[in-house]
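The values are calculated or read from the model by the stated rules, or taken from the named source; none is laboratory data. Source: prediction; values computed, not measured. No Cβ is skipped: glycine too gets one built from the backbone with ideal geometry, and neighbour counts run over all protein chains shown. Heads up: the accessible areas ignore ligands, DNA and RNA and are worked out on the full protein's heavy atoms, side chains in. Shrake-Rupley method; radii C 1.70, N 1.55, O 1.52, S 1.80 Å.
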Amino acid sequence: WLNQSLANLSSTYDQRESLKTLFQHQVASGLKSHSSSEQDADLTIAQDGQGLIDVNGFLPISNRFNPATYYQKYSRVAGNSDGDYADFQLEGGQSVAIASLVTFTQSQKIPLVFINLPLSGEYLDSVRRGHEQAFQEYMLRTSAELGFTYRNLTEEWKTEHDFFSDPSHLNRYGAFAVANHIAKDPLIPWAKR
């Protein structure tokens, strides 16, 4: 049910702010189920099934980021005002989680590859760039210490706005470029057939 509901909601990417509010309201109210007529009313902004999450959890968004028009509709948020970085820290719970993941994958003989995805140059202001630099140093050190592969694509396509749906999220074209790039990366331990 949740997967289908998220798939239906995700197809309304252009109306993400109202959907985010709707989703937060539903979570806050304990995910009370709507009657089918209420669901239909809430989802009238859906676009004929485009953009639905597939069985692998992939949301193939076709929107292309255009800074000239994007910022007419959405506010530009500077890195020093970005709530995603408010509690930015690399040690503690994150270190424990990575170590635990490495232990599990090594015990199962699964090569672990961590890929830091691209961000647009519009997103990477000086504050975010500083956080990204700290993250790079942390991941390079941690991958060497724990024995997993780390690949950084953060700035790989920072001027390719057509690869992003907004300043910080890849669209289907960016995902395709990343997939092609990592498929050819000789440092990634692909299984031999």
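Figures for the structure shown
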{"read-out": "Search result, residues across the stretch 151-176 that are open to solvent by less than 70 Å² (accessible area, probe 1.4 Å), hydroxyl-bearing (Ser, Thr, Tyr) and farther than 19 Å from GLN136 by Cα", "value": "SER165"}
{"read-out": "Qualifying strands (runs of 3 or more DSSP E) (wholly inside the stretch 92-193; at least 3 residues being within 23 Å of LYS73 (Cα to Cα))", "value": "164-166"}
{"read-out": "Residue list for the stretch 138-164, restricted to those being small (Gly, Ala, Ser) and touching a strand residue (DSSP E or B) at 6+ places or on another chain (Cβ under 8 Å)", "value": "SER143"}
{"read-out": "Within the stretch 70-91, tally of residues that are part of a helix (DSSP H, G or I), surrounded by 10 or more Cβ atoms within 10 Å (Cβ to Cβ) and modelled with pLDDT of 90 or more", "value": "2"}
{"read-out": "Cβ-Cβ under 8 Å pairs, at least 6 apart or on other chains, the stretch 80-106 side without any contact (Cβ under 8 Å) to a residue 60 or more places away in the chain, far side surrounded by 13 or more Cβ atoms within 10 Å (Cβ to Cβ) and of a type in the set (Lys, Arg)", "value": "ASP82/ARG128; TYR85/ARG128"}
{"read-out": "Close pairs (6 angstrom Cβ cut-off, 6 or more residues apart or separate chains): more than 16 Å from PRO118 (Cβ to Cβ) in the stretch 132-150, open to solvent by 30 Å² or more (accessible area, probe 1.4 Å) and not in a helix (DSSP H, G or I) anywhere", "value": "PHE148/LEU112; THR149/VAL113"}
{"read-out": "Residue ID - most open to solvent (accessible area, probe 1.4 Å), chosen from residues in the stretch 109-150 that are more than 16 Å from the chain's Cα centre (by Cα) and basic (Lys, Arg)", "value": "LYS109"}
